[in-house]
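In what follows, a structure is listed as structure tokens, so that the remarks can point back to it.
The values are calculated or read from the model by the stated rules, or taken from the named source; none is laboratory data. These numbers come from a predicted model, not from an experiment. In this analysis, Cβ positions are derived from the backbone assuming ideal geometry, glycine residues included, and neighbour counts consider all displayed protein chains. Accessible surface is based on the protein model in full, side chains and every heavy atom, while ligands, DNA and RNA are left aside. Shrake-Rupley method; radii C 1.70, N 1.55, O 1.52, S 1.80 Å.
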Amino acid sequence: MGDIIHTLPAVRALKLGHPNAAIFWVVEPKWAPLLEQNPFVDRVLLFDRSIRGLLAAPRTLRVSRCRFAVDFQGLLKSALVALAAGPETIYGFDADLVRERAAAVFYQHRISTPAAHVVDRNRDLAAAAGAVRDVEPCFPLPPGRPEGQLPAGDFVLASPFAGWASKQWPIAHYRALAARLDSEWRMPLVLNGVPGASFGDIAPAIAHYSGLPGLIDATRRAAAAIGVDSGPLHLAAALDKPGVAIFGPTDPARNGPYGASLRVLRSAGAVTTYKRGAAIDPSMQTISPDQVFETLRTALGRARS
């Protein structure tokens with residue numbers, strides 16, 4: 001999810017640089033709602049990431065002559081998908097920047113960039129493929145659709161889960177934050193998860209279950225967002241929501257929220273690693289609910305009571 005959001009400005013710049021070309025975006029079906037109503041994407045091609053899907057890729061992706069492909073993800077899987085489309089040439093990152101070095105073998109054009117954040121790296125890669133340079137970053141996201149019940153007034157939205165447990169913030173901390181939000185601001189904390197997600201005991205926070213369209217709608221409606229290094233946080237940043245980003249093992253300079261709407265909290269003792277930890281990282285546990293509350297107060301410009 002975050003990969004797609006971080007690529008939206010680059011693809012927009014590509015379309016502006018090639019206005020007469022058709023832009024096809026290959027995506028897994030579960031993330032396709034992020035590309036609904038995108039005026040810079042002419043067609044969304046659904047790809048099943050299984051071995052069967054990869055074997056079928058040449059048949060499903062070669063829907064028209066492809067001048068070039070751009071692999072923003074930098075994985076062996078994504079490089080093979082680009083190859084399967086049968087382009088005349090493939091653009092990708094240099095071997096030192098891709099996530100899996102083997103992916104770079106398939107690129108005819110390997111791009112190096114000094115940019116730190118992945119959004120800016122993607123924009124540099126797109127520029128090498130003819131995208132308009134120096135265009136203001138823009139995240140064309142759909143409106144989403146209401147799912148489930150949300151508070152009628154202002155609320156703070158959080159999505160506590162991440163792809164790696166090590167990037168998560170303890171549920172007990174969310175409970176404590178919800179209690180303070182309620183006692184001082186009378187503002188509920190809403191925790192979003194997919195249908196069937198198990199939050200455990202989160203009172204006085206409120207559970208909200210939705211798919212991706214419902215998450216987009218809830219993020220748009222929220223007064224603020226609290227997040228960890230996961231897709232929902234990057235969605236909130238793309239929608240310019242104020243709030244707090246809680247970081248631990250991953251580097252916010254590379255993977256943090258893009259823009260200035262979200263304030264980043266990271267423990268001074270955090271060690272950067274991209275290994276998928278199965279337990280909450282100690283650096284995430286040391287960030288207290290009070291720290292998050294006070295940072296949120298600053299982000300929202302609220303005076304102390």
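Does the range 89-112 hold any residues that are part of a helix (DSSP H, G or I) and either of a type outside the set (Gly, Ala, Ser) or crowded, with 18+ Cβ neighbours inside 10 Å (or both), and which are they? The answer is 101, 103, 104, 105, 106. Within the range 167-185, the set of residues being within 15 Å of residue 156 (Cα to Cα) and either buried (at least 23 other Cβ atoms within 10 Å of the Cβ) or out of contact with any Asp or Glu (no Cβ under 9 Å at 6 or more places or on another chain) (or both) comprises 173, 174, 177, 178, 179, 181, 182, 183, 184. In the set 86, 74, only one residue is on the phi > 0 side of the Ramachandran plot, in a loop (DSSP other than H, G, I, E, B) and at pLDDT below 95; that residue is 86. Within the range 271-305, the residues that satisfy the criterion of being in contact with a helix residue (DSSP H, G or I) (Cβ under 7 Å, 6 or more places away or on another chain), farther than 21 Å from residue 243 by Cα and open to solvent by less than 80 Å² (accessible area, probe 1.4 Å) are 277, 279, 280, 281. Can you confirm whether the range 201-213 contains a residue that is touching a residue at least 24 places away in the same chain (Cβ under 8 Å) and under 23 Å from residue 137 (Cβ atoms)? Checked the range 201-213: at least one residue is touching a residue at least 24 places away in the same chain (Cβ under 8 Å) and under 23 Å from residue 137 (Cβ atoms). Scanning the range 203-226 finds no residues that are crowded, with 23+ Cβ neighbours inside 10 Å, charged (D, E, K, R) and under 21 Å from the mean Cα position of the chain (by Cα). Among the numbered conditions (1) closer than 26 Å to residue 254 by Cβ; (2) open to solvent by 50 Å² or more (accessible area, probe 1.4 Å); (3) at pLDDT below 95; (4) part of a helix (DSSP H, G or I), the only one that residue 81 does not meet is (2). Among the residues making up the range 12-38, those that are surrounded by 23 or more Cβ atoms within 10 Å (Cβ to Cβ), more than 19 Å from residue 65 (Cα to Cα) and among the aliphatic types (A, V, I, L, M) are 13, 34.
The rows are residues; the columns are (1) part of a helix (DSSP H, G or I); (2) within 19 Å of residue 172 (Cβ to Cβ).
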position: 226; (1), (2): no, yes
position: 234; (1), (2): yes, no
position: 245; (1), (2): no, no
position: 271; (1), (2): no, no
position: 283; (1), (2): yes, yes
position: 291; (1), (2): yes, yes
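Can you tell me which residues in the range 112-150 are touching a residue at least 40 places away in the same chain (Cβ under 8 Å) and more than 19 Å from the chain's Cα centre (by Cα)? Across the range 112-150, the qualifying residues are 127, 129, 130, 131, 132, 133, 135, 146, 147, 148, 149, 150. Take the conditions (1) free of Cβ contacts under 8 Å to residues at least 24 places away in the same chain; (2) open to solvent by 10 Å² or more (accessible area, probe 1.4 Å); (3) among the hydrophobic types (A, V, I, L, M, F, W, C); residue 245 misses just one of them, which is (2).
Checking 49, 59 one by one, the residue that is open to solvent by 60 Å² or more (accessible area, probe 1.4 Å), part of a helix (DSSP H, G or I) and of a type outside the set (Phe, Trp, Tyr) is 59 and no other. Here residue 253 fits the description: more than 17 Å from residue 169 (Cβ to Cβ), of a type in the set (Gly, Ala, Ser) and either buried (at least 20 other Cβ atoms within 10 Å of the Cβ) or at pLDDT below 95 (or both). List the pairs whose first member sits in the range 270-295 and is of a type in the set (Asp, Glu), whose second member is assigned to a helix (DSSP H, G or I), and whose Cβ atoms are under 9 Å apart, counting only residues at least 6 apart or on separate chains? Every condition considered, the pairs that remain are 281/165; 281/166; 281/167; 290/176; 290/177; 290/180. Residue 193 passes every criterion in (1) within 16 Å of the chain's Cα centre (by Cα); (2) buried (at least 21 other Cβ atoms within 10 Å of the Cβ) apart from (2).
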